[in-house]
1. Mind ranking Glu371, Glu200, Glu73 by accessible surface for me, highest first, 1.4 Å probe?
2. Largest first, what is the accessible-area ranking of Leu311, Leu171, Leu641 with a 1.4 Å probe?
3. Rounded to a whole number, what is D in µm²/s for region 499-627 from Stokes-Einstein with the Kirkwood radius over alpha-carbon pairs (4 °C, 1.567 mPa s)?
4. Measuring from label point to label point, each 7 Å out along Cα→Cβ, what is the Ala561 to Arg669 span in nm?
5. Can you list residues whose amide H is under 5 Å from Val546's amide H, if they're 5+ apart or on another chain and H is modeled 1.01 Å from N?
6. Could you give P(r) for region 372-486, binned at 5 Å from zero, as whole percent values over all Cα-Cα pairs?
7. Rounding to the nearest 20 debye, state how big the charge dipole of region 368-524 is about its Cα centre with +1 on each Lys and Arg Cβ and -1 on each Asp and Glu Cβ.
8. Using the Cα gyration tensor of region 211-265, with a ≥ b ≥ c the square roots of its eigenvalues, what is the shape: rounded (a/c below 1.5), prolate (a/b larger than b/c) or oblate (neither)?
Amino acid sequence: MMTSALPYANGQIHIGHVAGAYLPGDIRARFERMAGSDVVWVCGSDEHGAAITLRAKKAQVTPREIVDRYHEEMQQAFEGLDISFDHYSRTSSERHHDVAQNFFLTLLEKGSFEVKTEAQFYDPKAKQFLADRYITGTCPKCQDDGAYGDQCEKCGSALSPTELIDPKSTLSGAKPELKDTTLWYLPMGRHERWLKEYIEKGIFEGQPHHDASAWKAHVSGQCRSWIDSGLQSRAMTRDLDWGVPVPVEGAEGKVLYVWLDAPIGYITSTMEWAEQNDARWQDWWKTDETELIHFIGKDNIVFHCLIFPILLREHGGYILPTNVPANAFMNLEGDKISTSRNWAVWVNDFLQEFPGKSDELRYVLASIMPEQKDSEFTWADYRERVNNELADVLGNFVNRVLVLTRKYYDGNVPAINAADLNNTDHAVLETLSEAPSQIADLVRRNRFRDALQAAMGIARLGNKYMTEQEPWKAYKANPTRAAVILNTCIQVAANCAVLLEPFLPKSAAKLQSAFGIENPTWADAAPDMIQVGSILSELPILFEKVEAEVVDAQVSKLESARAATNVARPEFKPQKDTMTFEDFQKLDLRVGEVIACERVPKADRLLNLTIRSGLDERTVLSGIAEHFAPEDVVGRRVTLLANLAPRKIRGIESQGMILMAETADGSLRFVTPEEGAEAGDVIS
Ligand SMILES: [Zn+2]
């Protein structure tokens, strides 16, 4: 049983998504099918959650319109890239609502939740509770100031809204109020002990469950550190009007947390697949022999390695994940991929601008897949890999094989005598006999980069062998030798046609048809795959070279997207004119402490601060009222310019000035001395 992260239906698929969860799944699924394994691979659109309602609100459309649009667009992207899910579903279906609600009710009966009525953040302007993406603030773990109410994307920590520092409503920007509501919590702390054993040792309920050493180090390492720092209870319901309604009387206006319903979506998707294929879904989720593998990006580790296993175990009757080979992130041209900043290569754009080149993109993404740590896509690298590897090695090799076979033997595979093979030929054939199991082993260990390298290594070997053996010279001087060389090259090329299929399905199909191979299995790859007398047909150019202008245009497109968003790289103001040391010495800078603060009547921008300067307590007016409320300012230590000539503003005399830093986005930060510096300390 294989799943790939349900893509979130509020945006398009970009190359980072593909490299994270879909291409790895596709390579593995295609390989398993060729190897004759019983495999089902499901996915579907994740159509609930606050990010969707938020986007709908902004676009002034219904959430349904948003998810319908992206469900469609995401499917196009997957089809265009030959991502071969056995079934692709969506979580807004009635069927899924039923499945998720029944799952919830079973957990409820078993006492898996704690029901708490407590104060939650509420936006008084927008009149709604603020969960997940409706609220942002500073992450209590890593201090990143873009954390959401359910998760910090910077450090990956799972959060509750009330843990955020300086929370803000993303709906209105308002400072949220606390208001009582009832929530169903998953007390994760109860599960620490067995989860630790499950993750660290691969032991579940006292039995060996999976090979823990097969898990990626960054995945188990992250889980271990979460468990070790103590698992907090997580709310599994939300006060929202879009999602799977909580199936409990009196819970109107509440829905299941999107990360409760989304992984259950894997089960629903399997049910739908089973119905359409005359199979039993239970065979895939409820029998111990089944391996359950989740392909995801690293931002989803907590949900798949901790929360979903808890839900499955609490429900009972289900198997648990045997591996969660999460990938890290793929960056783009020196920067993080960002949907909001349009810093991405969108799959549908690529398919439109590079028709017929899906294998090229798959190849490059698989070559640089972020399996253990973040990696980076650049267009220059794309061009190099396509030109130097796909076109010059694989394309060139198979093309020469087919052209020469047609030229010398009318397309017939030439007959040879085993006794005529020399050591070099034997070495090449030996490599062919070992390659299928080597590549299979790498794919099963989810080491797709290495597996692709090994498969391409066969093409490289063939290309080198042909260049060195020069069949075009042998053909005149020694026809027997020429036949041996060509026959060997044909075997190499035919093996490429099979072994590269999981990675390059379109090109492999073309190759297979040129070599007369039909629906090959993995076991068909062998040194004597193509029989003497088989007829080879023509092959159109497999890979066209990419011109420099083409990738340059893509980079310019990215740059202009960057320029179009306002969050361009900060432009720093030029340095002011030089001043003398004597000038500087005239500044009397001191640490001050704000002991009181109030608004200045009829002045929107001004706050009236009372500052303890060590010398006195003085009044300073500051134009920061649009950025800070008085209660945010009291108690802070600030940098005070004490000897600025006093000035009367709105009838109040300001005796100095406090220093502020202006950030790239125009917001203000206090210039605060390090801990330990006290009011009155002189700054010099
Ligand atoms: Zn963080």
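The values are calculated or read from the model by the stated rules, or taken from the named source; none is laboratory data. Fair warning: this is a prediction, and the values are worked out from it, not measured in the lab. Cβ: placed from backbone, ideal geometry, glycine included. Neighbour counts: every protein chain shown. Note: areas computed on protein heavy atoms with side chains; ligands, DNA, RNA excluded. Shrake-Rupley method; radii C 1.70, N 1.55, O 1.52, S 1.80 Å.
1. Numbers: Glu371 15, Glu200 70, Glu73 40 Å².
The ordering from most to least exposed comes out as Glu200, Glu73, Glu371.
2. On the way: Leu311 0, Leu171 50, Leu641 20 Å².
In descending accessible area the options line up as Leu171, Leu641, Leu311.
3. Details: Rh = 23.9 Å.
My calculation gives 54 µm²/s for D.
4. That separation, rounded to one decimal, is 2.8 nm.
5. Asn387
6. Cα pair-distance distribution for region 372-486, in percent: 2, 10, 16, 19, 18, 14, 9, 6, 4, 2, 0.
7. Numbers: 17 positive and 19 negative charges, 74 e Å.
Once rounded to the nearest 20, the dipole reads 360 debye.
8. Working: a/c = 4.01, a/b = 2.40, b/c = 1.67.
Prolate is the answer for region 211-265, as a/c is 1.5 or above and a/b outweighs b/c.
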